[in-house]
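Reading through the structure tokens given below for one structure.
The values are calculated or read from the model by the stated rules, or taken from the named source; none is laboratory data. The model shown is predicted, which means the values in this text are computed figures rather than measured ones. As a convention, Cβ positions derive from the backbone with ideal geometry for all residues, glycine included, and neighbour counts pool all protein chains shown. Areas reflect the complete protein model, heavy atoms only, side chains present, ligands, DNA and RNA absent. Shrake-Rupley method; radii C 1.70, N 1.55, O 1.52, S 1.80 Å.
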Amino acid sequence: MNIIIAGDGKMGSTLTRQLSAEGNDLTLIDSNPKVLEASEERYDVMVVQGNCASMEVLLQAGVKEADLLIAVAGADEVNLLCCMTAHGLNPRLHTIARVRNPEYTDQIYEMREMFALSMAVNPEKQAATEMERLLRYPGFLKRDTFAKGRVEIVELRIDERSKLCNVALNDMNGIVKCKILVCAVLRNGRAVAPDGNFVLREGDRIFVTAPTDTLTILLKNLGIITHKVKRVILCGGGRVSYYLAKQLQKSGIDVQIIERDAERCNHLAAILPDSCIIHGDASSQFLLESEGIADCDALVTMTGLDELNMIISLYGMSCGVPQVITKLGRMDNTNILGNLSLGSIISPKELCCNTIVRYVRAMKNQTGAALTVHTIADGQAEAMEFLVDDATKHCGEPLKSLKLKKGVLVVCIIRGANQEIPGGDSVFHRGDTVVIVTNGEKSIGQLNDIFE
Amino acid sequence: MNYKMLGRFVGKILWVEAAFMIPALLISLWGREIPAVKGFLLSMAAIVVVAGLLTGLCKGSEKKFYAREGLACVGISWIAMSILGCLPFCLSGAIPRFIDAFFEIVSGFTTTGASILSAVEGLPKGILYWRSFSHWLGGMGVLVFLLAISSINGGDNGFTMHLLRAESPGPNVGKLVPRMKKTASILYLLYILLTILNVIFLLAGGMSLFEAVCTAFGTAGTGGFGVRNDSIAGYSPYIQNVCTVFMLLFGVNFSCYYLLLIKQFKSVFRDEELRMYLGLVLGSIVLIVLNLRGYYETLGETIRHAAFQVASIMTTTGFATTDFDLWPSFSKAILLFLMVVGACAGSTGGGFKCGRALLMVKSLQRSVRQVVHPQKVQVVRSNGQPIGEKVLRNINAYLAAYVMIVIVSFLAVSLDGFSVTTNFSAVIACFNNIGPGLEMVGPVGNYGAFSTLSKLVLIMDMLAGRLEIFPILILFSRTTWKHR
């Protein structure tokens, strides 16, 4: 597919990496020749230098032959203008714009109509939603849902006190007393596809498939006490903070926001009347202590600096905060971060990229495309949900007799209202949906791609 | 340096080379040329063994490839390809000495067309075909061919850009379409189409199929190996004119043809490099015709010879219809000047390249203006687009390297004791991938008399000229071979 990406920033280059590897023809537009040169030397793409909202530049980038335009330049207004202009030049074009100014969020549906957008993405809002979901089930580092929220892949960290430490996967069901499947283990920064004899060690991060209604049982049996989050400290008063505070207030959770910039504090106090806005430096331990970090239920660090977020999170963990969430802008160094106890890591950029990649896949492959795609294990594995339709091969055959590609695992079969964690005798039929996990080496476009 | 990846690439290139020897083998079989058949079979076996070893030994390489690997890969591939590609000449007995055969094939792959043979008419047809085909393959580049046929998958595969940059001539190489594979395919498709067109026109002039194909290969790669002793001089005026036109066509930047294909006539018409190229051709023809009054019987004949020689030298082909060594000095000086300027960037021709010369003149202009207004801020533009300082800096570096290599080679070749004109024009003709120079190495002469050292120097010049210096120069730098 012919895709134009306007704006070669952090988001643009993450998208480039993903979409180029999936075999799309990409053209990048940016006004900075330096970043373009770097992208051209790293990926198999074409680059055009200029203002992405200008007709001449868009034509030069081949907007007439393009199928999709993704506008992720710095300013919302530029993105909107870019999509509108491009759509005027090529009415067949699908357009995705990043719009992240909170003042536009309430009018986003109307704007989609007006600016001819196929989709509007807001990474910060998405991140806030994700954080709120995590705060609802403290204990999991990450939750990805499938089958309209009935099945999840959750991430857990095994520490020395964990009941699962030094337990082989075969003996695991006796401890958790519910049907779950470990579909990937991240050990020392590398994803491993485990078998039954695999023994979990301290420091592993495991990815577990489980029906959503068993999550509470799972948490209880693992000895991770769940109590409702009542008070949250947010470090940094950026856009994510605003969205998150707004959502948390709705569920009646007390929110404290620590922000360094006085003016921003005033603004936040005006738009978030029920929150407690504190003007101060979140990296100061004294301030955090005086604001009661020791007995808060959750800490979310989302200042603009990744390093600062990490340090505050580490401090929070050492103070015994039950739930810590760290926001990171760059996910390049995740393999070394795995060893730090930073709690859950959320990258707005990556969440948003996943959404866009999902859209592209659906566009490319109208029938048989994955219904849901989540990257897990720091991007080293992918979980996808597919519908079993007439074209699917091997319907009704037990899984143990099927030859699947190396690194592919069927982790859940959903039939009607039932979710089955499959064993060797499980089968899938037409109309079911299945969730598979792959190590990402082979590109899986549709369900039949998983067979040898 | 990622040796494994490098080895894999060279292995792949050699497989391609072995595959391309098959047609030559078939021609030899068909003509029952027993020594040539033997030569080809043995060489193919040798290439397959080396390629197999490289592919086998370099399995499971890391896919980390940066600018220096790209450059070194191109340089090494070309040298490996030449060493193995000259085996048919040696083993068939057509050119018994290895250094001579090596010179001949490097001259072929680099589309130089400088020969050590005094007579080619007695050679087996398969050998003649392989000799001409090497021009065709070298013209557009064997790595570009590899990029077109193989799919290199993976996330960070922008390194293909380094390969294209290293092998395609010009100061500012870019892609035509987002995908490298498609860009390379488009380039080769245009190349093949133009070659077929050339063959058809030559056949219409009454040439035999074999000669038409070989001549078209020589023209397409802007190489200059002919199948007759007197190059193109023995053919009819029609064929000579066809050659003139096609030589000029192959000297044009191929992205111009792509722009024509997607109907962007305006940008082709306004292309500054193309204008300069055509302007230089026309101007030179006019000057030479004026200078040649009285040399030929009719004005028509004068124009024909002048146009042919100008096209042949400017596009760095090196065909000849007449011995221009007998022309007056002014005409010879013009030809020498055209040798250095060369064809357009992104064409199959060699030389310094019109585009590069144009940018150099413009940046010189800027420096002159800077003297008048020292604080003036100026941007060099080409086709209305601002050109980055990095590109201009590279051109200056290129010029420095160019001059230095010419001087060193000239000194080395002079050891043989031939005349200054012979030595200088031999270096210029080899370095710019033209072929014939002046005096002893003129259109009716050859390079056979040079010593082994001179031949080696000229071989290096040809390779450096075709690959635009840096891919060869980098092989001599110690830091290239260090582990990261």
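Quick look at the numbers
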| read-out | value |
| --- | --- |
| Spatially proximal lysines relative to A:Lys405 (Cα-Cα < 28 Å; intrachain offsets below 8 disregarded) | A:Lys142, A:Lys148, A:Lys179, A:Lys364, A:Lys393, A:Lys442, B:Lys4, B:Lys12, B:Lys59, B:Lys63, B:Lys64, B:Lys181 |
| Separation of the A:Ala391 and B:Met404 label points, Cα + 7 Å toward Cβ, nm | 5.9 nm |
| Percent accessible area from carbon and sulfur atoms, chain B, protein chains only, probe 1.4 Å | 68 percent |
| Dipole magnitude (debye, nearest 20) for chain A, charges at Cβ of Lys, Arg, Asp, Glu | 1120 debye |
| Built amide H within the under 5 Å cut-off of A:Ala381, gap 5+ | A:Ile376 |
| Pairwise label distance in nanometres, B:Arg228 with B:Phe337, each label 7 Å out on the Cα-Cβ vector | 3.2 nm |
| Inter-chain Cβ neighbour average for residues A:42-50, partner chain, 10 Å | 6 |
| Under 28 Å from the Cα of B:Lys362 - lysines, other chains or at least 8 residues apart | A:Lys34, B:Lys175, B:Lys266, B:Lys332, B:Lys353, B:Lys376, B:Lys390 |
| Unit charges at the beta carbon, dipole of the range A:366-450: most positive-side option, A:Ile414, A:Ile376, A:Gln446 | A:Gln446 |
| Largest-first principal axis extents, alpha carbons of the range A:366-450, Å | 32, 29, 23 |
| B:Gln370-B:Ser414 pseudo-label distance in nm [points 7 Å out on the Cα-to-Cβ vector] | 3.3 nm |
| Residue among A:Ala147, A:Leu218, A:Val199 farthest towards the positive dipole end of the range A:138-221, charges placed on Cβ | A:Ala147 |
| Residue mean of other protein chain beta carbons inside 10 Å, B:169-182 | 3 |
| Mean Cα-pair separation over length for the range A:366-450, i.e. relative contact order, pairs under 8 Å, 6 or more apart, % | 38 percent |
| Largest-first principal axis extents, alpha carbons of chain A, Å | 65, 62, 39 |
| Accessible carbon and sulfur surface of chain A relative to its total accessible area, %, 1.4 Å | 50 percent |
| Rounded to the nearest 10 Å², the accessible area of B:Val371 at probe 1.4 Å | 110 Å² |
| Protection-proxy order for peptides B:130-141, B:212-223, A:271-282, each taking the mean of Cβ atoms within 10 Å per residue, highest first | B:212-223, B:130-141, A:271-282 |
| Under Karplus coefficients 6.51, -1.76 and 1.60, residue-wise ³J(HN,Hα) of the range B:361-375 in Hz, glycine/proline x | 4, 5, 6, 5, 3, 4, 5, 5, 4, 4, 5, 6, 10, x, 8 |
| Inverse of mean 1/r across different Cα pairs in the range A:231-321, Kirkwood, Å | 12.8 Å |
| Accessible area of B:Ser236 in the full protein assembly, 1.4 Å probe (Å², nearest 10) | 50 Å² |
| Amide H contacts of A:Ile277 (H built 1.01 Å from N, under 5 Å, at least 5 apart or other chain) | A:Ile257 |
| Per-residue ³J(HN,Hα) for the range A:90-101, Karplus 6.51 cos²θ - 1.76 cosθ + 1.60, θ = phi - 60°, Hz, x for Gly and Pro | 9, x, 7, 5, 8, 10, 10, 10, 8, 10, 10, 6 |
| For A:Asp171, solvent-accessible area (1.4 Å; no DNA, RNA or ligand), Å² | 100 Å² |
| Neighbourhood charge, 10 Å Cβ-Cβ cut-off, centred on B:Val252 and excluding it, Lys, Arg +1 and Asp, Glu -1 | -2 |
| Accessible area buried, both sides summed, chains B and A with 1.4 Å probe, Å² | 1400 Å² |
| Kirkwood-Stokes translational diffusion coefficient of the range B:1-401, alpha-carbon pairs, 10 °C, 1.306 mPa s, µm²/s | 71 µm²/s |
| For A:Arg201, residues with placed amide H under 5 Å, excluding near neighbours | A:Asn166 |
| Local net charge near A:Val373, Cβ-Cβ under 12 Å (Lys/Arg +1, Asp/Glu -1) | -2 |
| Quotient of C-alpha Rg and 2.2 N^0.38 Å, computed over the protein assembly as shown | 1.15 |
| Scattering curve values for the range A:138-221, log₁₀ I(q)/I(0), Debye with Cα scatterers, q = 0.17, 0.26 Å⁻¹ | -0.64, -1.53 |
| 23 Å tail of the calculated P(r), the range B:113-208, as % of Cα pairs | 42 percent |
| Computed FRET value (nearest 0.05) for B:Gln378 with B:Glu272, which takes r as the C-beta separation and R₀ as 25 Å | 0.90 |
| Translational diffusion coefficient (Stokes-Einstein; Kirkwood radius from C-alpha pairs) of the range A:1-141 at 37 °C, 0.692 mPa s, in µm²/s | 211 µm²/s |
| Solvent-accessible heavy-atom area per residue, rounded to whole Å², over the range A:138-221 at 1.4 Å | 45 Å² |
| Chain A, relative contact order [Cα under 8 Å, separation at least 6], % | 11 percent |
| Unit charges at the beta carbon, dipole of the range B:14-151: most positive-side option, B:Leu123, B:Phe65, B:Ala19 | B:Phe65 |
| For B:Ile79, net neighbour charge (Lys/Arg +1, Asp/Glu -1) across residues whose Cβ lies under 14 Å away | -2 |
| Debye, to nearest 20: dipole size of the range A:231-321, +1 on Lys, Arg Cβ, -1 on Asp, Glu Cβ | 320 debye |
| List of the range A:7-35 residues, accessible area with partners at least 50 Å² below that of the chain alone (1.4 Å probe) | A:Asp25 |
| Sites A:Lys228 and A:Cys319, calculated FRET efficiency, Cβ-Cβ separation with R0 25 Å, nearest 0.05 | 0.80 |
| Calculated FRET value between A:Lys405 and B:Phe98, using beta carbons and R₀ = 45 Å, to 0.05 | 0.35 |
| Cβ charges +1 (Lys, Arg) and -1 (Asp, Glu), total dipole of the protein assembly as shown, debye | 560 debye |
